[in-house]
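Here's the structure we're looking at; comments come further down.
The values are calculated or read from the model by the stated rules, or taken from the named source; none is laboratory data. Given the structure is predicted, the values throughout are model-derived calculations rather than measurements. Cβ atoms come from the backbone with ideal geometry, glycine included; neighbour counts cover every protein chain shown. To get the accessible areas, we keep the full protein, side chains included, count just its heavy atoms, and leave off ligands, DNA and RNA. Shrake-Rupley method; radii C 1.70, N 1.55, O 1.52, S 1.80 Å.
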Amino acid sequence: MNSRLHLSPNHPSKMVPMGIRKIVHIDMDAFYASVEQRDDPQLRGKPVVVAWRGKRSVVCAASYEARRFGVRSAMPAVHAERLCPEAIFIPPDFTRYRAVSQSTREIFKRHTDLIEPLSLDEAYLDVTENKTGLPTATRVARAIREQIREELHLTASAGVAPNKFLAKIASDWRKPDGLFVIQPEDLDAFLPPLPIGRIPGVGKVTEKRLEQLGIKTVGDMRNLETQVLEDHFGRYGLRLYELAQGIDHSAVVPDRPTKSISAEDTFETDVPLAETESIILRLAEKVWAASRKETRIPRTVVLKLKTSQFNILTRSHTPVAPPASCEELVAIALTLRERVNLDPQQRFRLVGVGLSNFREFEELTTQAALFE
(Lines give C-alpha, C1' and ligand atoms only; values in the text may rest on other atoms or scores of the structure.)
Protein backbone atom coordinates (compact mmCIF):
# COMPACT_ATOMS: atom_id res chain seq x y z
CA MET A 1 0.00 0.00 0.00
CA ASN A 2 1.39 3.37 -1.00
CA SER A 3 0.50 6.36 1.17
CA ARG A 4 0.98 9.99 0.20
CA LEU A 5 0.31 13.31 1.89
CA HIS A 6 -0.20 16.38 -0.31
CA LEU A 7 -0.07 20.06 0.59
CA SER A 8 -1.23 22.10 -2.36
CA PRO A 9 -0.32 25.82 -2.57
CA ASN A 10 -2.40 28.37 -4.41
CA HIS A 11 0.46 29.32 -6.71
CA PRO A 12 3.20 27.21 -8.32
CA SER A 13 6.82 27.77 -7.30
CA LYS A 14 8.45 30.53 -9.24
CA MET A 15 11.89 30.28 -10.76
CA VAL A 16 14.59 32.81 -10.08
CA PRO A 17 17.80 33.50 -12.02
CA MET A 18 20.95 31.66 -11.03
CA GLY A 19 23.09 33.39 -8.46
CA ILE A 20 24.07 33.18 -4.83
CA ARG A 21 21.13 33.88 -2.57
CA LYS A 22 20.98 33.93 1.21
CA ILE A 23 18.10 31.84 2.54
CA VAL A 24 17.24 31.24 6.18
CA HIS A 25 14.85 28.52 7.34
CA ILE A 26 13.49 29.08 10.84
CA ASP A 27 11.89 26.14 12.65
CA MET A 28 10.45 26.61 16.13
CA ASP A 29 11.43 23.83 18.53
CA ALA A 30 8.54 21.53 19.60
CA PHE A 31 6.38 24.60 19.09
CA TYR A 32 2.98 23.78 20.62
CA ALA A 33 4.52 21.86 23.52
CA SER A 34 7.09 24.61 24.11
CA VAL A 35 4.33 27.24 24.30
CA GLU A 36 2.53 25.12 26.90
CA GLN A 37 5.73 24.69 28.95
CA ARG A 38 6.49 28.39 28.70
CA ASP A 39 3.04 29.37 29.93
CA ASP A 40 2.87 26.79 32.74
CA PRO A 41 6.12 26.47 34.72
CA GLN A 42 4.90 23.19 36.25
CA LEU A 43 5.19 21.56 32.81
CA ARG A 44 8.85 22.44 32.27
CA GLY A 45 11.19 19.51 32.12
CA LYS A 46 8.29 17.06 31.89
CA PRO A 47 7.02 14.94 28.99
CA VAL A 48 4.24 17.02 27.48
CA VAL A 49 2.01 15.73 24.69
CA VAL A 50 -0.31 18.20 22.97
CA ALA A 51 -3.34 16.11 22.00
CA TRP A 52 -6.91 15.38 22.88
CA ARG A 53 -7.35 12.05 24.61
CA GLY A 54 -9.33 9.44 22.74
CA LYS A 55 -9.01 6.52 20.35
CA ARG A 56 -9.19 8.74 17.27
CA SER A 57 -7.00 11.56 18.53
CA VAL A 58 -3.49 12.12 17.18
CA VAL A 59 -0.49 13.87 18.68
CA CYS A 60 -0.20 17.50 17.56
CA ALA A 61 3.19 18.01 19.24
CA ALA A 62 5.48 16.42 21.81
CA SER A 63 8.06 18.05 24.04
CA TYR A 64 11.64 16.82 23.77
CA GLU A 65 11.19 15.06 27.10
CA ALA A 66 8.34 13.04 25.53
CA ARG A 67 10.26 12.44 22.31
CA ARG A 68 12.88 10.49 24.25
CA PHE A 69 10.20 7.82 24.71
CA GLY A 70 9.53 7.70 20.95
CA VAL A 71 6.47 9.98 20.96
CA ARG A 72 6.12 11.87 17.66
CA SER A 73 3.68 14.23 15.94
CA ALA A 74 0.80 12.58 14.02
CA MET A 75 1.08 9.44 16.16
CA PRO A 76 -2.20 8.08 17.58
CA ALA A 77 -2.61 9.46 21.10
CA VAL A 78 -3.31 6.00 22.54
CA HIS A 79 0.04 4.78 21.17
CA ALA A 80 1.82 7.80 22.66
CA GLU A 81 0.26 7.01 26.03
CA ARG A 82 1.56 3.44 25.83
CA LEU A 83 5.07 4.64 24.97
CA CYS A 84 5.11 7.24 27.73
CA PRO A 85 2.61 6.47 30.54
CA GLU A 86 3.87 9.48 32.52
CA ALA A 87 3.14 11.93 29.70
CA ILE A 88 1.03 14.96 30.53
CA PHE A 89 -1.66 15.39 27.87
CA ILE A 90 -2.67 18.97 27.11
CA PRO A 91 -5.58 19.74 24.74
CA PRO A 92 -4.35 22.04 21.96
CA ASP A 93 -5.14 25.74 22.00
CA PHE A 94 -4.66 26.82 18.39
CA THR A 95 -5.88 30.35 18.98
CA ARG A 96 -2.96 30.87 21.36
CA TYR A 97 -0.48 29.13 19.04
CA ARG A 98 -1.57 31.32 16.12
CA ALA A 99 -1.03 34.43 18.25
CA VAL A 100 2.51 33.33 19.15
CA SER A 101 3.17 32.44 15.52
CA GLN A 102 2.11 35.93 14.49
CA SER A 103 4.62 37.35 16.99
CA THR A 104 7.40 35.37 15.33
CA ARG A 105 6.32 36.75 11.93
CA GLU A 106 6.61 40.30 13.32
CA ILE A 107 10.21 39.52 14.28
CA PHE A 108 10.91 38.16 10.79
CA LYS A 109 9.50 41.34 9.22
CA ARG A 110 12.15 43.43 10.97
CA HIS A 111 14.73 41.72 8.77
CA THR A 112 13.00 41.05 5.43
CA ASP A 113 9.68 41.24 3.63
CA LEU A 114 10.44 38.03 1.70
CA ILE A 115 8.86 35.56 4.15
CA GLU A 116 7.22 32.30 3.09
CA PRO A 117 5.43 30.65 6.03
CA LEU A 118 5.18 26.87 5.75
CA SER A 119 3.13 26.42 8.91
CA LEU A 120 2.63 28.04 12.30
CA ASP A 121 6.11 26.97 13.38
CA GLU A 122 8.37 27.33 10.36
CA ALA A 123 9.15 29.73 7.52
CA TYR A 124 11.65 30.52 4.78
CA LEU A 125 13.24 33.98 4.69
CA ASP A 126 15.19 35.44 1.78
CA VAL A 127 17.77 37.74 3.38
CA THR A 128 19.95 38.28 0.32
CA GLU A 129 19.23 41.90 1.12
CA ASN A 130 18.10 42.52 4.70
CA LYS A 131 16.53 45.55 6.36
CA THR A 132 18.92 45.72 9.31
CA GLY A 133 22.15 46.02 7.33
CA LEU A 134 23.71 42.92 8.89
CA PRO A 135 26.65 41.74 6.75
CA THR A 136 25.81 38.02 6.58
CA ALA A 137 22.78 35.73 6.60
CA THR A 138 24.31 33.94 9.58
CA ARG A 139 24.21 37.18 11.57
CA VAL A 140 20.57 37.68 10.56
CA ALA A 141 19.65 34.14 11.66
CA ARG A 142 21.47 34.63 14.95
CA ALA A 143 19.67 37.95 15.57
CA ILE A 144 16.26 36.38 14.85
CA ARG A 145 16.91 33.49 17.23
CA GLU A 146 18.03 35.88 19.96
CA GLN A 147 14.94 38.06 19.53
CA ILE A 148 12.65 35.01 19.68
CA ARG A 149 14.38 33.88 22.87
CA GLU A 150 14.34 37.28 24.56
CA GLU A 151 10.87 38.45 23.52
CA LEU A 152 8.86 35.23 23.27
CA HIS A 153 10.85 33.05 25.70
CA LEU A 154 10.96 30.25 23.14
CA THR A 155 13.74 28.64 21.11
CA ALA A 156 14.09 28.25 17.36
CA SER A 157 16.54 26.40 15.16
CA ALA A 158 17.84 28.00 11.98
CA GLY A 159 19.45 26.81 8.78
CA VAL A 160 21.37 29.14 6.48
CA ALA A 161 22.16 28.19 2.89
CA PRO A 162 22.14 29.45 -0.72
CA ASN A 163 18.70 27.90 -1.41
CA LYS A 164 15.52 26.67 0.27
CA PHE A 165 16.27 22.97 -0.05
CA LEU A 166 19.60 23.24 1.74
CA ALA A 167 18.32 25.70 4.35
CA LYS A 168 15.59 23.20 5.29
CA ILE A 169 18.16 20.45 5.81
CA ALA A 170 20.43 22.80 7.76
CA SER A 171 17.74 23.90 10.25
CA ASP A 172 17.24 20.28 11.30
CA TRP A 173 20.96 19.61 11.67
CA ARG A 174 21.48 20.92 15.20
CA LYS A 175 17.97 20.79 16.65
CA PRO A 176 16.86 21.86 19.17
CA ASP A 177 18.02 25.45 19.62
CA GLY A 178 20.70 25.19 16.94
CA LEU A 179 22.16 27.13 14.03
CA PHE A 180 23.83 25.46 11.06
CA VAL A 181 25.28 27.04 7.91
CA ILE A 182 25.86 25.36 4.54
CA GLN A 183 28.18 27.38 2.32
CA PRO A 184 28.19 26.83 -1.48
CA GLU A 185 31.74 25.50 -1.32
CA ASP A 186 30.66 22.86 1.25
CA LEU A 187 28.17 21.08 -1.01
CA ASP A 188 30.45 18.42 -2.49
CA ALA A 189 31.57 17.32 0.97
CA PHE A 190 28.26 17.75 2.81
CA LEU A 191 25.64 16.25 0.50
CA PRO A 192 26.98 12.88 -0.78
CA PRO A 193 27.03 11.01 2.59
CA LEU A 194 23.46 12.00 3.50
CA PRO A 195 20.83 9.22 3.56
CA ILE A 196 18.40 9.73 0.70
CA GLY A 197 15.57 10.14 3.20
CA ARG A 198 17.07 13.46 4.33
CA ILE A 199 15.88 15.08 1.09
CA PRO A 200 12.66 16.95 1.96
CA GLY A 201 9.73 15.30 0.21
CA VAL A 202 11.28 11.83 0.01
CA GLY A 203 8.91 9.74 2.11
CA LYS A 204 9.11 6.08 2.99
CA VAL A 205 7.51 4.89 -0.25
CA THR A 206 9.83 6.92 -2.50
CA GLU A 207 12.81 5.98 -0.32
CA LYS A 208 11.99 2.28 -0.76
CA ARG A 209 11.67 2.67 -4.53
CA LEU A 210 15.02 4.46 -4.66
CA GLU A 211 16.68 1.74 -2.58
CA GLN A 212 15.41 -0.82 -5.11
CA LEU A 213 17.48 1.11 -7.67
CA GLY A 214 20.52 0.87 -5.38
CA ILE A 215 20.20 4.46 -4.16
CA LYS A 216 20.72 4.82 -0.42
CA THR A 217 22.65 8.09 -0.21
CA VAL A 218 22.59 11.42 -2.01
CA GLY A 219 25.98 10.45 -3.47
CA ASP A 220 24.42 7.34 -5.03
CA MET A 221 21.84 9.51 -6.75
CA ARG A 222 24.52 11.92 -7.98
CA ASN A 223 26.21 9.04 -9.80
CA LEU A 224 23.02 7.88 -11.50
CA GLU A 225 22.04 8.82 -15.05
CA THR A 226 19.20 11.34 -15.08
CA GLN A 227 17.33 9.18 -17.60
CA VAL A 228 17.05 6.35 -15.05
CA LEU A 229 15.41 8.66 -12.51
CA GLU A 230 13.13 10.15 -15.15
CA ASP A 231 12.06 6.68 -16.33
CA HIS A 232 11.06 5.69 -12.78
CA PHE A 233 9.75 8.98 -11.38
CA GLY A 234 8.93 11.20 -14.37
CA ARG A 235 9.55 14.91 -13.89
CA TYR A 236 10.00 14.33 -10.15
CA GLY A 237 13.05 12.23 -11.02
CA LEU A 238 14.71 15.27 -12.59
CA ARG A 239 13.84 17.30 -9.49
CA LEU A 240 15.47 14.63 -7.29
CA TYR A 241 18.61 14.68 -9.44
CA GLU A 242 18.88 18.48 -9.15
CA LEU A 243 18.43 18.37 -5.37
CA ALA A 244 21.18 15.76 -5.13
CA GLN A 245 23.46 18.31 -6.80
CA GLY A 246 22.31 20.96 -4.31
CA ILE A 247 20.35 22.82 -7.02
CA ASP A 248 17.07 24.48 -6.09
CA HIS A 249 15.93 27.60 -7.96
CA SER A 250 12.54 27.92 -6.21
CA ALA A 251 11.99 31.39 -4.81
CA VAL A 252 10.83 32.43 -1.37
CA VAL A 253 7.26 33.44 -2.21
CA PRO A 254 5.44 35.56 0.39
CA ASP A 255 1.72 35.09 1.02
CA ARG A 256 1.36 31.71 -0.65
CA PRO A 257 -1.36 30.09 1.43
CA THR A 258 -2.12 26.39 1.24
CA LYS A 259 -5.06 25.56 -1.00
CA SER A 260 -5.63 22.00 0.19
CA ILE A 261 -4.20 19.17 2.27
CA SER A 262 -4.88 15.56 1.39
CA ALA A 263 -3.65 12.04 2.00
CA GLU A 264 -4.37 8.96 -0.07
CA ASP A 265 -3.64 5.24 -0.13
CA THR A 266 -3.26 3.04 -3.21
CA PHE A 267 -3.94 -0.59 -2.37
CA GLU A 268 -2.02 -3.63 -3.54
CA THR A 269 -5.39 -5.43 -3.87
CA ASP A 270 -8.63 -3.61 -4.74
CA VAL A 271 -11.13 -3.47 -1.86
CA PRO A 272 -14.93 -3.02 -1.59
CA LEU A 273 -16.25 0.28 -0.22
CA ALA A 274 -17.49 -1.41 2.97
CA GLU A 275 -13.90 -2.23 3.97
CA THR A 276 -12.52 1.31 3.73
CA GLU A 277 -13.51 2.68 7.16
CA SER A 278 -10.20 1.94 8.89
CA ILE A 279 -8.32 3.38 5.89
CA ILE A 280 -10.39 6.58 5.97
CA LEU A 281 -9.72 6.87 9.71
CA ARG A 282 -5.96 6.59 9.23
CA LEU A 283 -5.92 9.07 6.34
CA ALA A 284 -8.07 11.54 8.29
CA GLU A 285 -5.60 11.40 11.19
CA LYS A 286 -2.73 12.28 8.84
CA VAL A 287 -4.62 15.13 7.24
CA TRP A 288 -5.85 16.50 10.57
CA ALA A 289 -2.32 16.49 12.04
CA ALA A 290 -0.96 18.31 8.96
CA SER A 291 -3.79 20.87 9.01
CA ARG A 292 -3.03 21.82 12.62
CA LYS A 293 0.23 23.39 11.46
CA GLU A 294 -1.54 25.76 9.10
CA THR A 295 -2.22 29.37 10.01
CA ARG A 296 -5.54 29.24 8.13
CA ILE A 297 -8.57 27.06 8.83
CA PRO A 298 -10.09 24.54 6.34
CA ARG A 299 -13.81 24.66 5.65
CA THR A 300 -14.43 21.76 3.24
CA VAL A 301 -13.95 18.00 3.65
CA VAL A 302 -13.26 15.95 0.50
CA LEU A 303 -13.41 12.20 -0.07
CA LYS A 304 -11.69 10.81 -3.17
CA LEU A 305 -12.14 7.30 -4.56
CA LYS A 306 -10.66 5.55 -7.57
CA THR A 307 -12.39 2.43 -8.87
CA SER A 308 -10.63 -0.67 -10.14
CA GLN A 309 -11.47 0.67 -13.62
CA PHE A 310 -9.50 3.86 -12.78
CA ASN A 311 -12.61 6.07 -12.63
CA ILE A 312 -12.19 8.86 -10.05
CA LEU A 313 -15.09 9.90 -7.81
CA THR A 314 -15.06 12.82 -5.37
CA ARG A 315 -17.57 13.86 -2.73
CA SER A 316 -17.30 17.02 -0.65
CA HIS A 317 -19.11 18.78 2.17
CA THR A 318 -18.75 22.24 3.70
CA PRO A 319 -20.32 22.25 7.17
CA VAL A 320 -21.69 25.43 8.76
CA ALA A 321 -18.71 25.46 11.15
CA PRO A 322 -15.24 24.15 10.24
CA PRO A 323 -14.38 20.66 11.55
CA ALA A 324 -13.25 21.16 15.15
CA SER A 325 -11.61 17.78 15.75
CA CYS A 326 -10.23 14.72 14.02
CA GLU A 327 -13.34 12.84 15.13
CA GLU A 328 -15.52 15.36 13.32
CA LEU A 329 -13.39 15.07 10.18
CA VAL A 330 -13.72 11.27 10.27
CA ALA A 331 -17.50 11.46 10.75
CA ILE A 332 -17.92 13.78 7.76
CA ALA A 333 -15.64 11.64 5.56
CA LEU A 334 -17.64 8.51 6.44
CA THR A 335 -20.90 10.35 5.68
CA LEU A 336 -19.46 11.28 2.27
CA ARG A 337 -18.73 7.60 1.69
CA GLU A 338 -22.45 6.88 2.11
CA ARG A 339 -23.15 9.24 -0.81
CA VAL A 340 -21.34 6.90 -3.23
CA ASN A 341 -24.16 5.06 -4.99
CA LEU A 342 -22.43 2.24 -6.82
CA ASP A 343 -22.88 -1.51 -6.98
CA PRO A 344 -21.83 -3.01 -3.61
CA GLN A 345 -19.58 -5.36 -5.58
CA GLN A 346 -17.62 -2.41 -7.00
CA ARG A 347 -14.01 -2.48 -5.82
CA PHE A 348 -11.65 0.44 -5.30
CA ARG A 349 -7.91 0.80 -5.74
CA LEU A 350 -7.44 4.18 -4.02
CA VAL A 351 -9.00 6.18 -1.20
CA GLY A 352 -8.15 9.77 -0.29
CA VAL A 353 -9.25 12.24 2.38
CA GLY A 354 -8.70 15.97 2.07
CA LEU A 355 -9.34 19.39 3.56
CA SER A 356 -9.72 22.46 1.35
CA ASN A 357 -11.30 25.92 1.14
CA PHE A 358 -8.89 27.41 3.69
CA ARG A 359 -9.84 30.72 5.32
CA GLU A 360 -8.14 33.16 7.65
CA PHE A 361 -9.13 32.80 11.30
CA GLU A 362 -10.26 36.44 11.44
CA GLU A 363 -12.45 35.94 8.36
CA LEU A 364 -14.26 33.00 9.96
CA THR A 365 -14.72 34.94 13.21
CA THR A 366 -16.35 37.79 11.27
CA GLN A 367 -18.65 35.36 9.46
CA ALA A 368 -19.68 33.74 12.74
CA ALA A 369 -20.50 37.14 14.21
CA LEU A 370 -22.71 37.93 11.22
CA PHE A 371 -24.63 34.66 11.65
CA GLU A 372 -25.10 35.37 15.36
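Among the residues of region 251-295, those identified as in a strand (DSSP E or B) and small (G, A, S) are S260, S262, A263. Against the definition (modelled with pLDDT of 95 or more and closer than 24 Å to C60 by Cβ), how does S119 come out, yes or no? For S119, the condition - modelled with pLDDT of 95 or more and closer than 24 Å to C60 by Cβ - is not met.
For region 91-117, give me the residue count where each residue is open to solvent by less than 50 Å² (accessible area, probe 1.4 Å) and closer than 16 Å to S291 by Cβ.
Residues of region 91-117 open to solvent by less than 50 Å² (accessible area, probe 1.4 Å): 92, 94, 97-98, 100-101, 103-105, 107-108, 111-112, 115-117.
If we keep only those that are closer than 16 Å to S291 by Cβ too, we end up with 92, 94, 97-98, 101, 117.
Count: 6.
Please verify whether T266 is touching a residue at least 60 places away in the same chain (Cβ under 8 Å), under 26 Å from V205 (Cα atoms) and of a type in the set (V, I, T), treating the condition exactly as stated. Criteria met by T266.
For the condition within 16 Å of V252 (Cα to Cα), of a type in the set (A, V, I, L, M, F, W, C), crowded, with 16+ Cβ neighbours inside 10 Å and at pLDDT 95 or above, what is the one hit in A143, A161?
Values: A143 fails: within 16 Å of V252 (Cα to Cα).
Every option except A161 fails the conditions.
So is E65 touching a Lys or Arg at 6+ places or on another chain (Cβ under 9 Å), at pLDDT 95 or above and outside any strand (DSSP E or B) or not? Answer is yes for this residue. Restricting to region 287-300, name every residue that is under 19 Å from H317 (Cα atoms) and among the basic types (K, R). Those that are under 19 Å from H317 (Cα atoms) and among the basic types (K, R): R296, R299.
For region 27-56, give me each residue that is among the β-branched types (V, I, T) and over 17 Å from D121 (Cα atoms).
Residues of region 27-56 among the β-branched types (V, I, T): 35, 48-50.
Within region 27-56, just V48 meets the criteria.
Testing K293 on (1) free of Cβ contacts under 8 Å to residues at least 40 places away in the same chain; (2) among the basic types (K, R); (3) touching a strand residue (DSSP E or B) at 6+ places or on another chain (Cβ under 9 Å), one condition comes back false. Which one is that? Of (1) free of Cβ contacts under 8 Å to residues at least 40 places away in the same chain; (2) among the basic types (K, R); (3) touching a strand residue (DSSP E or B) at 6+ places or on another chain (Cβ under 9 Å), only one is false for K293: (1). Among the residues of region 195-238, just one is open to solvent by 40 Å² or more (accessible area, probe 1.4 Å), modelled with pLDDT of 85 or more, within 24 Å of the chain's Cα centre (by Cα) and among the aliphatic types (A, V, I, L, M), namely L238.
This table checks each residue for (1) open to solvent by 30 Å² or more (accessible area, probe 1.4 Å); (2) at pLDDT below 90; (3) touching a Pro at 6+ places or on another chain (Cβ under 7 Å).
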site: E327; (1), (2), (3): yes, yes, no
site: A333; (1), (2), (3): no, no, no
site: L336; (1), (2), (3): no, no, no
site: L342; (1), (2), (3): yes, yes, no
site: F348; (1), (2), (3): no, no, no
site: G352; (1), (2), (3): no, no, no
site: N357; (1), (2), (3): yes, yes, yes
site: E360; (1), (2), (3): yes, yes, no
site: E363; (1), (2), (3): yes, yes, no
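When E185 is tested against (1) part of a loop (DSSP other than H, G, I, E, B); (2) over 15 Å from E242 (Cα atoms), only condition (1) is not met.
When L83 is tested against the conditions (1) in contact with a Gly (Cβ under 8 Å, 6 or more places away or on another chain); (2) touching a residue at least 40 places away in the same chain (Cβ under 8 Å); (3) not basic (K, R), the lone failure is (2).
Being open to solvent by 60 Å² or more (accessible area, probe 1.4 Å) and of a type outside the set (S, T, N, Q) is the filter here; which residues of region 305-320 pass it? Result: F310, I312, R315, H317, V320. Of the candidates T104, T128, T138, T112, the single residue that is closer than 17 Å to N163 by Cα and in a helix (DSSP H, G or I) is T138. Here I88 passes the criteria (1) β-branched (V, I, T); (2) under 25 Å from T295 (Cβ atoms); (3) touching a Lys or Arg at 6+ places or on another chain (Cβ under 7 Å); (4) open to solvent by 20 Å² or more (accessible area, probe 1.4 Å) except the one numbered (2). For region 292-312, the set of residues classified as at pLDDT below 90 and more than 13 Å from F358 (Cα to Cα) consists of K306, T307, S308, Q309, F310, N311, I312, listed by residue number. What residue, among those in region 1-46 that are outside any strand (DSSP E or B) and of a type in the set (A, V, I, L, M), is modelled with the lowest pLDDT? Across region 1-46, the extreme among qualifying residues is V16. Among the residues of region 26-80, how many are surrounded by 19 or more Cβ atoms within 10 Å (Cβ to Cβ) and acidic (D, E)? Going through region 26-80 one residue at a time, the tally reaches 3. Here's a check for you: in region 265-291, which residue that is under 14 Å from C326 (Cβ atoms) and of a type in the set (A, V, I, L, M) is most open to solvent (accessible area, probe 1.4 Å)? If we take residues in region 265-291 being under 14 Å from C326 (Cβ atoms) and of a type in the set (A, V, I, L, M), then L281 is most open to solvent (accessible area, probe 1.4 Å).
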